[in-house]
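Each value in this text was obtained by applying a stated rule to the coordinates, not by laboratory testing. Everything numeric here is computed off the predicted structure, so don't read it as measured data. Please note: Cβ atoms are built from the backbone with ideal geometry, for glycine as well, and neighbour counts cover all protein chains shown.
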Amino acid sequence: MNSKERILSAIHREKPDRIPSDIWATPEVMENLKKHFGVDSERAIWEKLSIDKMVNLTPAPLGIPVTSHYTGPSPAPNEDIWGVKYLAKSYAGGQGFYWEMCSHPLAELDTIEAVKTDYRFPRADEFDFSTLKENCREYTEYAIQCGYISPFYIFNNIRGLEKSLIDLAFNREYAHYVIDCISDFFYAFHERLFEAGGSLIDVAEVTDDFGMQSGLLISIDMFREFFRPHYRRFIKLLKDFNILVFHHDDGAMVPLIPELIDLGIDVLNPVQWRLPGMDPDRLKKNYGTKLCFHGGVDNQHTLPFGSPKEVEKEVQFLFDTLASDGTGYIVAPCHNLQSITPMKNIITLYETVRSLGTR
């Protein structure tokens, strides 16, 4: 099997020749890996570590800074397509940086009329899809992931997290209006995206962060009122184009899983198994016939702070649980590898996946 066949086999819960893997990492980590292996491309890193990789070819950044590289000690704020502004913040003694939101365009626009007057939502016709097929054809041996739909996450970002959560409870008409506008853009954008990519797109994200470390950020009833109808039409759009549905949802979000399965998701990421309710053995037993799991390797404890032996032990544990039947699992860190992660731990992760072989 090539990487694409291996990934798609796992998602369809057919038995691949071996359990596939993926990598998510910050730019600093990818640069360090290039230096370590003496290569000049991320693709060469995938080959060095036998990573199968879902290649993300979404034409434009959605919900992240337009400028993605830190260029100085005191940069001006970057602004994304939604009008959210960010400042670069360094961490770990300058080993890395991240973008911290510093301005939310709807923070002071508290009425529907104010939003209509003073805010402009992005439009699908502002994006160029003309090179998408050409880009996809550069990675024919890899699964292509293209598209990112996240209405709750964008509502949080443009309104500010605290106000967006209050709106769901006490300013519901306003919340419906803004979420509807966000969702209308996402639908129009992805309809054009999928038309442009055609059969070359394998996977797209219908995704949000409804979970936190201890449970859900909102109630199931709120999910059903504000987001489920949009999720249903998004997922139908993907299915109409024969595209698999990847759902990323940080945190202890297990109460939401039955809802997501009913809506038709195919892949659940990131599986933060140390959190309440997220036991991988139970997840596999309860949902393994309907879901493929992606991620799982702990990026809060084991990868940055554990030993190589602990990384190896954890990968074996995840194979024994999430891949207990030899399929339905794609091994990956549960989020982006951070610059504080020891190189040896990263290499051990993928060497262990390779050494475990078939199940």
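Some observations on this one:
- Relative contact order (%) - the chain, alpha-carbon pairs under 8 angstrom, separation at least six: 21 percent
- Note on K285 and E225: the model spin-label points, each 7 Å out from Cα along the C-beta direction, lie 3.6 nm apart.
- A straight Cα-to-Cα reach below 23 Å connects K285 with the lysines K15, K313, residues fewer than 8 places away in its own chain not being considered.
- For H12, no residue has an amide H sitting under 5 Å from its own, ignoring neighbours fewer than 5 places away on the same chain, with H placed 1.01 Å from N.
- Virtual spin-label span in nm between A114 and E134, 7 Å along Cα→Cβ: 4.5 nm
- Helical mean residue ellipticity (222 nm; -39500 (n - 2.57) per DSSP H run of 4+; nearest 500) of the chain: -12000 deg cm²/dmol
- Over 22 Å between alpha carbons, listed pairs K239/K284; K4/K290; K34/K85; K48/K290; K236/K284; K4/K48: K239/K284; K34/K85; K48/K290; K236/K284
- Most mobile listed residue (P308, P105, P258) in the chain, GNM with C-alpha springs under 10 Å: P258
- Along the stretch 322-332 the Karplus relation, 6.51 cos²θ - 1.76 cosθ + 1.60 evaluated at θ = phi - 60°, assigns HN-Hα couplings of 5, 10, 4, 9, x, 7, x, 8, 10, 6, 6 Hz to successive residues, with x for each Gly and Pro.
- Per residue, the convex hull volume that the Cα atoms of the stretch 140-251 enclose (Å³): 101 Å³
- Using the alpha-carbon positions of the stretch 311-351, Rg (one decimal) and Dmax (whole number) come out as 11.2, 34 Å.
- Taken over the Cα atoms of the stretch 232-309, the convex hull encloses 107 Å³ per residue.
- Taking every Cα-Cα distance in the stretch 99-196 and sorting them into 5 Å bins from zero, the calculated P(r) comes out as 2, 11, 20, 19, 15, 12, 9, 6, 4, 1 percent.
- Centre-to-centre separation between the Cα atoms of the stretch 289-341 and those of the stretch 1-54: 14 Å.
- Given R0 = 41 Å, the distance between the Cβ atoms of L161 and E191 translates into a calculated FRET efficiency of 0.90.
- Taking every alpha-carbon pair under 8 Å whose residues sit at least 6 apart, the stretch 100-220 reaches a relative contact order of 39 percent.
- If you look at the Cα atoms of the stretch 214-359, you get an Rg and a Dmax of 16.1, 47 Å.
- The long axis of helix 27-37 is offset from the longest Cα principal axis of the chain by roughly 20 degrees.
- Using R0 = 41 Å, the C-beta based FRET efficiency linking C102 and N242 works out to 0.50.
- By the equivalent-ellipsoid construction on the alpha carbon gyration tensor, the chain comes out with semi-axes of 32, 24, 21 Å, ordered largest to smallest.
- Calculated on the alpha-carbon coordinates, the convex hull of the stretch 6-59 measures out at 87 cubic angstrom per residue.
- Dipole axis of the chain (+1 Lys, Arg; -1 Asp, Glu on Cβ), positive-most option in G93, I346, I166: I346
- Computed from Cα atoms, the angle from the helix 161-170 axis to the main principal axis of the chain rounds to 60 degrees.
- Each Lys and Arg Cβ is given +1 and each Asp and Glu Cβ -1; about its Cα centre, the chain then shows a dipole of about 820 debye.
- Antiparallel %, DSSP beta bridges [both residues in the chain], to 5: 30 percent
- In the stretch 223-359, Cα pairs under 8 Å separated by at least six residues give a relative contact order of 21 percent.
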